[in-house]
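The values are calculated or read from the model by the stated rules, or taken from the named source; none is laboratory data. Predicted model only: the values in this text are computed from it and were never measured. Cβ coordinates were reconstructed from backbone atoms using ideal geometry, including for glycine residues, and neighbour counts include every protein chain displayed.
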Amino acid sequence: MLVLDKFNQLVTYPVDSVFLQMPRALVASVLALFVDVAILELCVRVVGTGAIPAAVIGYLVGGVLQYVLCSVWVFSTSLKNDAVGFLTFTILSLVGLGITWLVMLVGHEWAQLPIEIAKFGAVGLAFTWNFLSRKYLLFKPENTVAPST
């Protein structure tokens with residue numbers, strides 16, 4: 001029972017350690033990626049949208065899901081203002097969107113790789129940027145000033 005309690009604590013309790021936040025961010029990213037790729041495939045295969053606009057739409061919808069998961073589960077110990085936090089999250093995500101767009105352009109449009117291969121390349125680069133920027137720029141712990149004596 002002790003192992004189960006420890007597992008439950010690691011999965012559900014707020015954490016500050018980057019070593020515990022990273023796997024949570026990976027799970028959040030996988031869920032957001034699933035939504036992202038599902039929308040990409042739906043837009044391209046069913047609706048007939050071009051690959052780049054479909055990738056942008058999927059990325060944005062996945063990004064909203066990721067914000068929610070990051071706020072309530074991955075970086076839940078960090079103080080933040082929800083409106084300012086979402087705006088900052090969105091601005092930081094635009095860099096990840098730029099990475100996704102660039103990799104899709106180079107990989108799919110120019111190199112003629114399948115959409116899924118180009119998207120896979122974009123995922124690794126965008127995940128790295130998104131995690132590091134969120135951890136150290138958006139959800140960083142608030143600096144507390146020691147009272148002067």
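Which one of the conditions (1) among the polar types (S, T, N, Q); (2) outside any helix (DSSP H, G or I); (3) under 27 Å from K140 (Cβ atoms); (4) in contact with a helix residue (DSSP H, G or I) (Cβ under 6 Å, 6 or more places away or on another chain) does Q66 fail to meet, given that it meets all the rest?
Q66 satisfies every listed condition except (2).
Just name the residue that is nearest to A83 (Cα to Cα) out of those in the range 52-70 that are at pLDDT 90 or above and more than 14 Å from the chain's Cα centre (by Cα).
Here the answer is I57.
Mind listing just one residue for me: the one in the range 2-15 that is part of a helix (DSSP H, G or I) and either acidic (D, E) or in contact with a Lys or Arg (Cβ under 9 Å, 6 or more places away or on another chain) (or both) and, of those, nearest to L97 (Cα to Cα)?
Initially, the range 2-15 is screened for residues part of a helix (DSSP H, G or I), giving 2-12.
Going one step further and asking which of them are either acidic (D, E) or in contact with a Lys or Arg (Cβ under 9 Å, 6 or more places away or on another chain) (or both), we end up with 5, 11.
On the way: D5: 38, V11: 29 Å.
Once the filter is applied, the top-ranked residue is V11.
Would you mention how many residues in the range 94-142 are outside any helix (DSSP H, G or I) and surrounded by 14 or more Cβ atoms within 10 Å (Cβ to Cβ)?
Matching residues across the range 94-142 total 2.
Give me the pairs, please: first residue somewhere in the range 1-19 and modelled with pLDDT of 75 or more and surrounded by 10 or more Cβ atoms within 10 Å (Cβ to Cβ), second residue anywhere and outside any loop (DSSP other than H, G, I, E, B) and not hydroxyl-bearing (S, T, Y), beta-carbon distance under 7 Å, and either six or more positions apart or on two chains.
Qualifying pairs under 7 Å: V15/Q21; V18/K135.
Within the range 111-149, can you find the residues that are among the hydroxyl-bearing types (S, T, Y) and modelled with pLDDT of 90 or more?
S133
In this structure, does V18 turn out to be under 16 Å from Y136 (Cα atoms), out of contact with any Lys or Arg (no Cβ under 6 Å at 6 or more places or on another chain) and among the β-branched types (V, I, T)?
yes
Residue-by-condition table, conditions (1) assigned to a helix (DSSP H, G or I); (2) crowded, with 19+ Cβ neighbours inside 10 Å; (3) modelled with pLDDT under 90:
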{"position": "L33", "(1), (2), (3)": "yes, yes, yes"}
{"position": "L40", "(1), (2), (3)": "yes, yes, no"}
{"position": "V44", "(1), (2), (3)": "yes, no, no"}
{"position": "L79", "(1), (2), (3)": "no, no, yes"}
